[in-house]
Structure formats: structure tokens, C-alpha cells
1. Could you go through region A:209-216 and let me know if any residue there is assigned to a loop (DSSP other than H, G, I, E, B), in contact (Cβ under 8 Å) with a residue 12 or more places away in the chain and within 11 Å of chain B (Cβ to nearest Cβ).
2. Looking for something basic (K, R), over 30 Å from B:N278 (Cα atoms) and touching an Asp or Glu at 6+ places or on another chain (Cβ under 9 Å) - is there at least one such residue anywhere in region A:179-188?
3. Is one or more of the residues making up region A:65-81 under 23 Å from A:I154 (Cα atoms) and either in contact (Cβ under 8 Å) with a residue 24 or more places away in the chain or assigned to a loop (DSSP other than H, G, I, E, B) (or both)?
4. So which residues in region B:146-164 are part of a helix (DSSP H, G or I) and out of contact with any Pro (no Cβ under 7 Å at 6 or more places or on another chain), if there are any at all?
5. Residues to consider are B:L41, B:L132; find the one that is exposed (fewer than 14 other Cβ atoms within 10 Å of the Cβ) and under 22 Å from A:P120 (Cα atoms).
6. How many of the residues in region B:272-302 are open to solvent by less than 10 Å² (accessible area, probe 1.4 Å), more than 27 Å from B:M93 (Cβ to Cβ) and small (G, A, S)?
7. Picking from B:G205, B:G180, B:G190, B:G211, which residue would you name as being within 30 Å of A:D235 (Cα to Cα), buried (at least 23 other Cβ atoms within 10 Å of the Cβ) and under 31 Å from the mean Cα position of the chain (by Cα)?
Amino acid sequence: MEFFKRYASDKVGLFFGVLLLIFYFVALTAQWITPADPFETSLSEGLQPPSAAHWLGTDQFGRDTLSRVILATQVTAKITTVALLFSLLLGVPIGMIVGYRGGLADAVVMRITDMMLIFPTIMLAIVIVVVVGPSESGVVVALGLSQLPNFIRIARSAALSVRRELYVEAAVSAGAGWPDILLRHVLHNISGPVIVKATLALPGFVLGASSLSYLGLGVQPPTPEWGQMLHEAKDFLTSAPYLIVGPAIALSIFVLSANMVGDSLNESLDPKLKGRRLKRILPRLNRKKAMS
Amino acid sequence: MGFVSPDPRDNLPATWEGQKTGLAMARMILNRFIFMIFAGLLLLTFLFCLFHAIPGDPARLIAGDSAPENLVQSIRVAYGLDQPLMTQYTTYMAKVMTGDFGLSNFSRQPVLQIVGPRLLNTAKLAAWSMLLAMTVSLILGCLSATYWNHPVDRGITAFSLVGICTPIFVTGILAIYLFGVHLRWLPIGGMTTWKHYIMPVATLGLAQAAGFTRMVRACMIDALGRDFVTTARSKGVPEHVIVFKHALRNALLPIITLFGLGLGHTLGGAAVAESIFNWPGLGRLMVDSILTRDLPLTQGCIFFFAMLFILVNLIVDLLYRWADPRMANE
């Protein structure tokens, strides 16, 4: 409860939180709120500038850009949510088990994540796409796997820190087995920070999905995706520059909101950060100037 | 630098200290080289497995969809694809050891010949972008930290926030539209003259600078709040000396690590930037080879990219140890 209070007191975080909720609302209701059919082509209406009928104009096939941006919101939200769950459901158990048990498994898993972390996530994702093939589910697997090492590390370090706690020791002395301890004690105590870290990773997933789609390795046409729409719009920069407006703005604002919400959540969970201000992007107004 | 906390090792004879760090350094470099060779072998094995896990018949892929069955069969024999997997693996590894990554499925040129010049182009793009990103972020980060909570600081943080949240293909397309299509100042693709460098380097470099600035600022604010800064101020040391000599030198350690990590990130971003600006680099080659399903070329690209990342990592480690000799003893 205190957590929500702290979050609500953060005006910037609240604003972007509402913005992010609007994005997810649009994503959930995309089927009903698109002004036109996002797939219906009409070559006679191709590349029309913004008008009352088509607020963001039409693309080369005469499809309504606004409708496509709205549907792309759904596609992006779906892909990133599933990919996030994928990393979470795979990474957290692995990290928790190796963190709690330690030993050889821990060493091996840590070396593997070390190796994976040498490479930028977009590169890992591209390599994975080579195997799974460029498609919507390909993006999910690629993003989920390429972000996996981060989640393993987060869960592992969280499990390491609660391993020595008194309540764990009490459970051990009461005769509880390690799967039981992991589920009842460790998972319960690390779920907060892990969820916040997952929110902090969300912008990375969105950027990854749209970058892959921009490169042609992600969502395939005719399904709209912001990155893929920008890739198509690039060919018509001279004749129809308005095509880039919708996807560019939607993508940037979505990433911005996700970033800000992640930061605010992180701060409300760990108020110490407020003082250190290492994580926060926007300067806080009420802080004393230290170097006067 | 009399304001840094005293180090007990200051009293040791300089030669002894130098020998010890030198030895540790040599051992670390040796360790890392062994790791690199090991990682390279592991990577090749991984790539071999990867391409046997891909659905579809590789021989059919080389021959083309409409090729007759006997042609596919002869290709299978010629490429050794009819051999047992273990034999294929040993021949593959033996070939790669001699620098033979096979022929591209389409241009029929040796993969190594195609990849070589592309690698250089990517390195050029990444190096210039990195240089720009480091310069811009150091200047803006120091400015931001010195003018903490001043409008200057807010402006700079807003810039870095926008930079972090806008993907480079958005800024890239906007730049192409503004400077290439609308104003016609700069060419929109290729890399023949210095003018071709401006947009890709600026797009990639500024995107990286945005993230760096935020961290440089945080490191500098941390350093400026330390006791030695207060001591220096009370002694009447001029403010610019405090910022650049005392605070920056102490903030430099985390910043070097940050730049090192960022270099890998820049190389990753180069793959996207190359696609936007038609830059003939390794990243675009890799993406193109994936789209055309040119497996030998993809394998080569991934291998060289990966080795590049591992090498960059090694250099960053060395740099870090050089900057902070305390690390060498650990």
C-alpha cells in the first residue's frame, strides 16, 4: 500500500503511467477503435496526404495509416508482453535455483550468461532469428532468449541475498526441502524487485521488436508494426513524408513512457535511490543544490 | 593529486610495484587469449549446430527451389552434406582453421573476401561514432553536473532522455528526410566521401551520447560530492580545476567501463544504422545474408562480429586495469 502511495506522489511517474495505460487500452481494443480496416487496400487512394477521412494519410496500397498504427500498437504490446513473460518464466526459476543452490550449476550458468552478455541484445536476437525464422513468434523467442541472461542475473542476485536470511534458516531447520523454500520464501521475497526490473526491461523489448521488424527480420507484412511501417515509409520520403509521423511518434512515446514508469517504480520500491538520483532521468525540483 | 585518499602502497618501492602489476597484467592477458581461443572454438561449434538446426535442406537451398533432384544430389555430395554429422563437423572446423569459410551461395566468392572489407567499414563507422559519443557526452555530462538543477542541466537531461527513447531508425529517417530529401545538403546513402559519414556517424554517435551523458552526469555528481572536492574548494582551488582535474579524474574509472560497454552497443547499433544509410558494413551484410538465406555468409558474419565483441571486451578490460592499478592485484 505504501508502495502505491509513494508511486502516486510522483507526478511525472503518474503522468507516464497513465500514458502507458492508454497505450495498453488502445492495444486491447484495437479491433474496435480503428477508423478503417487496416488491411483493406485501394490502389486508387494510395499515398494520400492527411485528410479528414484519413488523419495520418494512406500508404502506398491505400491503407489507412492511423488504423495501421493502432493495430501495430496491439502487435507490439502482444509481442513484448509475451517475450517478457517468456524471459521471466524461464529466467527467474533458473536464476533462483542456481542462486540458492550454488555449486557447479551456478558456475556453469553464470559463465554462460557472462558469454551472452558480451554481445549486444540486438545481435543475439538477430542470430536467434536466423534459426527460428523471421516471424511474429520468431521475434518473441529471439527477444525472450536474448534478454534471458539479464533476468537470470537479477533473480540469482536476489536469491543470493535472501539465502542467508533468518526465515530461510528457520525453514531449513524445520525440515523444509529446497523446492519448498524457493517457492514459499525466496520467490515471495524477490518478486517485488524482479517485477520492477522487468518493467525496466520493457523499453528494451519494444526497441528490440521494432528494430528487428525494421530490418525485415521481425513482423512480416501485411501485419503492421511500427518499425516495419517506418521501413516501408522510408521508400516514400520524397513523395509522402507524412507516413513516418504516426509510427515514429507512437514508438518514441511508448518507449519514453515505459522508461519513465520503470524508473518511477524502481524509485518507489527503493526510496534510497531518490537521494542518490543515479537512476532518475528528470531532475527533481525540490532538491537542494549541493554545489553552491 | 594530493586529495585522493592515501594508498598504503604509495610507500612501496616503485620497481616492485611495477613488476607485480606487470606480471599480473601478463597473466591476465594470457588468460584472456586462452579464453578467446576457447570462445572462438565454442562459437564455431555453436554455428555448426545452428545451421544444422535450421529447417530445410541446405543443398536444396544452394541449388534453388526449381532445381532438379539430381542437381541437388550432386551438390549434396560436392559439399559433403551426405557425410555423417561428425565428419562434416571435423571437415568444417579444419577448413575454418585455414581461413576457409566456404563460398557465398549467391556471389560465389569466398566468404572471407566479402567479409574483410565490410568489417573495416563497420569499424570505421563505429570508431567515428564512438569518438563523437565520447566527446559529446563528456562535455555535456560535465556541464550538466556542474550546473546541477540549473536550466542547463535540465536541458541536457531532456536531450539525453529524448535520445534514449528514440530508436536510431527514427532519428535516422528524420535526418534523411531533413538533410537529404528536404534541404538536399547531404547524401542519403553510401560511404564514398566525407559527406557520407556525417549522417550515419551523427545519428549513431548522438544516440550513444544520450545514454553516456546520463551516466557521465551521475558519475560526476557523485565525484563532486566527495570530501576531496570540499577540501579543494576550501583551499581556494579554482572551480574549473576542481571539475576537470579532481572530479573528472576520479569519475573517469566508471566512465571508462561505461564507454567500453558502450562500444559493444555501438557495434550492435551499427547493424541498424548501416541498413538505414546503405552503409556497406558487416551489419547490413549480415542482415542481407539472412534475408537471402545465404548461410555460409551469415555464418562468417556472425563469427567475425562475435570475435570483434570478444576482442573489444578484452581491450576494455585491459584499459580498465591500466586506469585503475588496484584491479590488477585482484
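The values are calculated or read from the model by the stated rules, or taken from the named source; none is laboratory data. In this text, all values refer to a predicted model and were calculated from it rather than measured experimentally. Note that each Cβ is placed from the backbone with ideal geometry, even for glycine, and that neighbours are counted across all protein chains shown. Ligands, DNA and RNA are stripped out before the accessible areas are found, and what is left, the full protein with its side chains, is counted by its heavy atoms. Shrake-Rupley method; radii C 1.70, N 1.55, O 1.52, S 1.80 Å.
1. Start the filter on region A:209-216 by keeping residues that are assigned to a loop (DSSP other than H, G, I, E, B), which leaves A:215-216.
After this cut, where a residue has to be in contact (Cβ under 8 Å) with a residue 12 or more places away in the chain as well, the list is A:215-216.
Retained after the next criterion (residues that are within 11 Å of chain B (Cβ to nearest Cβ)): A:215-216.
Taking every residue of region A:209-216 in turn, at least one turns out to be assigned to a loop (DSSP other than H, G, I, E, B), in contact (Cβ under 8 Å) with a residue 12 or more places away in the chain and within 11 Å of chain B (Cβ to nearest Cβ).
2. First pass over region A:179-188, keeping only residues basic (K, R): A:184.
Restricting the remaining residues to those that are over 30 Å from B:N278 (Cα atoms) gives A:184.
Now drop any that are not touching an Asp or Glu at 6+ places or on another chain (Cβ under 9 Å), which leaves none.
No, that holds for no residue.
3. Narrowing region A:65-81 to residues under 23 Å from A:I154 (Cα atoms): A:79-81.
Filter once more, keeping what is either in contact (Cβ under 8 Å) with a residue 24 or more places away in the chain or assigned to a loop (DSSP other than H, G, I, E, B) (or both): A:79-80.
Among the residues of region A:65-81, at least one is under 23 Å from A:I154 (Cα atoms) and either in contact (Cβ under 8 Å) with a residue 24 or more places away in the chain or assigned to a loop (DSSP other than H, G, I, E, B) (or both), which makes the answer yes.
4. From region B:146-164, those part of a helix (DSSP H, G or I) are B:146, B:151-164; that's our starting set.
Answer for region B:146-164, where residues must be part of a helix (DSSP H, G or I) and out of contact with any Pro (no Cβ under 7 Å at 6 or more places or on another chain): B:T146, B:P151, B:V152, B:G155, B:I156, B:A158, B:F159, B:S160, B:L161, B:V162, B:G163, B:I164.
5. Numbers: B:L132 fails: exposed (fewer than 14 other Cβ atoms within 10 Å of the Cβ).
Only one candidate qualifies: B:L41.
6. Of the residues in that region, 2 qualify.
7. B:G205
One line per residue, one yes/no per condition, for (1) open to solvent by less than 20 Å² (accessible area, probe 1.4 Å); (2) closer than 20 Å to B:R284 by Cβ:
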site: A:V194; (1), (2): yes, no
site: A:F205; (1), (2): yes, no
site: A:S210; (1), (2): yes, yes
site: A:L215; (1), (2): yes, yes
site: A:Q220; (1), (2): no, yes
site: A:P224; (1), (2): yes, no
site: A:G227; (1), (2): yes, yes
